[in-house]
Amino acid sequence: MNKQTVKIASIILLSLNLAFVQAQKASEYKIVWEENFDKTTVDKSIWNLENNKSGGGNAEFQYYTPDNISLEKHPAGYSCLVLSAQKERLKGRPATSGRLNTAGKLTVKYGIIEARVCIPKTANGLWPAFWLMGDDKDQVGWPKCGEIDVIEMGNDKGIEAGSTETFYNGACHWGESFNKGKYPNLVQASTSEYSMQEGFHTFTLVWTPDSLNMFLDKDKFPTRKPYFAMSIKGENIPDNPARYFHKPFHLIANLAVGGFFTGLPSSSKKAICVSSKNKNFQKVTALPQDGSAAKFYIDYIRIYQNGTPGEELNIKK
């Protein structure tokens, strides 16, 4: 082998090594944003504290008020965001609770979105959730904006099976329109081998251009299979998931009281009734009768990205 050949071979080898290093770096996820809720007040440059009684269209009982959103120390010592639900009349509703979102302030497309939370006892009637909504909801409406539910608990199927503390689900909703209550969606439920309403647990969404995968306690069990998995590859055509999950989404956390999900809706086909005398509200046993609060603690929320083409993290300040 002559010197010229050796030189060319060295250049090729160097290029291959450089390409390998670059590919390896691109595959490494790094924290690009985190919220540790360790300040004295909620950061309103990031979070919108909701004040509404709409219940998200799910026939819930609560009035969402900023008064039920706070920063507190969990008894275990962690600084947390706390969403509190309690039996308390406000503007015609028999219960109050908290919900907040990052719409128009922080949006993300692709990456790992992770939340470490302490879920309250849900049976009967509480519905805690951490999820994402397409940030174009106000422009295109729901479900066309797309929805990614990373964790929901309190479903009536878990209550009926006596597994409310271990029964949980991830879900996605999408489609061109909400046509007579029908639209494309995928819900995948699981039963954990341990209670998820004791201590803190981590819920992780891994969102790539190809798929959406969700994991329970991935920090403790890194090889555990996802509890939710859905492909988002394919043609950009109506009602195909590929049309709805390749754009920025904002974050949402809430603690609902009642609703269709829990099997205790406030409405009927004839009329909406949110009175405290409503038979379904009287079945909400997860809220103390003395008006004290049930609390949903969120220790932190983190977003990781790795340089995948198309990734976005938009923060408006």
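Amide H of W33: which non-local residues (sequence gap of 5 or more, or other chain) have their own amide H closer than 5 Å, using H built in the peptide plane?
Counting only residues 5 or more places away or on other chains, the set is I303.
Give me the dipole magnitude in Debye, nearest 20, for the chain about the Cα centre, with unit charges on the beta carbon: positive for Lys and Arg, negative for Asp and Glu. Intermediate values should be presented prior to the final figure.
Working: 38 positive and 32 negative charges, 89 e Å.
Dipole size: approximately 420 debye.
Around K295, with a cut-off of 11 angstrom between Cβ atoms, what is the net charge of the other residues, counting Lys and Arg +1 and Asp and Glu -1? All intermediate terms of the calculation are to be shown ahead of the outcome.
Numbers: positive: K121; negative: E72.
Spelling it out: positives minus negatives among the neighbours equals 0.
Run down the aspartates and glutamates and flag those whose C-alpha is under 19 Å from the C-alpha of K279, throwing out any fewer than 8 positions away in its chain.
E60, E88, D156, E160, D290
Looking at region 211-317, which GluC sites (Glu not before Pro) are DSSP coil and have at most 14 other C-beta atoms within 10 Å of their C-beta? Could the numbers behind the result be given before it?
Working: sites: E235, E311, E312; in loops: E235, E311.
Passing sites in region 211-317 are E235.
Pairing the Cα long axis of helix 3-27 with the longest principal axis of the chain, what angle in degrees results, from 0 to 90 and rounded to the nearest 10?
Approximately 0 degrees, to the nearest 10.
Tell me, what HN-Hα J-couplings in whole Hz come from the Karplus equation 6.51 cos²θ - 1.76 cosθ + 1.60 at θ = phi - 60° for each residue of region 298-307, using x for Gly and Pro?
Per-residue couplings from phi come out as 10, 6, 7, 10, 10, 10, 10, 9, 9, x Hz.
Tell me the label only: which of (1) 21.0; (2) 20.5; (3) 29.8 is Kirkwood radius over Cα pairs in Å as calculated from this structure?
(1)
Of the cross-linked pairs K144/K220; K87/K218; K87/K121; K121/K277; K53/K317; K30/K218, which ones have a Cα-Cα span greater than 25 Å in the structure shown? Could you put the intermediate results ahead of the total?
On the way: K144/K220 35 Å; K87/K218 35 Å; K87/K121 15 Å; K121/K277 23 Å; K53/K317 28 Å; K30/K218 16 Å.
Those over the limit are K144/K220; K87/K218; K53/K317.
I need to check one value: relative contact order of the chain, counting alpha carbon pairs closer than 8 Å and at least 6 residues apart, in percent. Each step should come with its number before you reach the end.
Working: 772 pairs, mean separation 90.9, N = 317.
For the chain, the relative contact order is 29 percent.
Which of M133, I112, W33 sits farthest toward the positive end of the charge dipole of the chain, with +1 on the Cβ of Lys and Arg and -1 on the Cβ of Asp and Glu?
Toward the positive end, the furthest listed residue is M133.
Go ahead and estimate [θ] at 222 nm for the chain from helices alone: -39,500 (n - 2.57) per DSSP H run with n ≥ 4, summed, over the residue count, rounded to 500.
Working: 4 runs with 39 residues, N = 317.
Computed ellipticity for the chain at 222 nm equals -3500 deg cm²/dmol.
Here, each number is a calculation from the coordinates, and none is a lab measurement. Predicted, not measured: the structure shown is a model, and the values here were computed from it. For neighbour counting, all protein chains shown are included, and Cβ atoms are generated from backbone atoms with ideal geometry for every residue, glycine included.
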